[in-house]
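Here the structure comes first, spelled out in structure tokens, and everything after it is commentary.
The values are calculated or read from the model by the stated rules, or taken from the named source; none is laboratory data. Please read all numbers here as calculations on a predicted model, not as lab measurements. Note that we place each Cβ from the backbone using ideal geometry, even for glycine, and neighbour counts take in every protein chain shown.
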Amino acid sequence: MRTTLEDIRRSGYLPDGSQVVGECLLVNDWGYVVFEIGTREIASALLGYLRARRVEPLGRFGRWEYSSMAQIMRDAFALGDRLSGVPGRRSPDDPEVVPW
């Protein structure tokens with residue numbers, strides 16, 4: 001976790017003097033999201049809960065969806081652009097966002 005925080009600081013997203021008040025490292029042994037009746041509603045409620053707390057989930061486990069490496073890279077670049085204030089970028093949920 002130390003390397004992750006150092007990398008975030010080096011990128012400028014965590015300015016000097018900022019204090020991290022919590023962290024959690026989760027190693028997940030499974031590679032696929034399980035879909036069942038009610039998954040969409042549960043995921044929607046959880047995503048709303050997280051976003052209301054300024055947490056932007058990404059990837060197949062973060063968004064409870066199957067996503068390819070290309071999709072997660074597109075979403076991550078678009079989110080990084082949005083968070084850094086790069087003008088003219090759209091939401092990572094916009095299917096037309098292609099950062100490269």
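What to note about this one:
- Going through (1) loosely packed, with under 12 Cβ neighbours inside 10 Å; (2) modelled with pLDDT of 80 or more one by one, Leu25 falls short only on (2).
- Residues in the range 28-68 that are under 19 Å from Ala78 (Cβ atoms), among the aromatic types (Phe, Trp, Tyr) and outside any loop (DSSP other than H, G, I, E, B): Phe61 only.
- Meets criteria (at pLDDT below 80, in a loop (DSSP other than H, G, I, E, B), over 19 Å from Ala76 (Cα atoms) and of a type outside the set (A, V, I, L, M, F, W, C)) for Tyr13: no
- Single unsatisfied condition, Leu46 versus (1) surrounded by 15 or more Cβ atoms within 10 Å (Cβ to Cβ); (2) at pLDDT 85 or above: (1)
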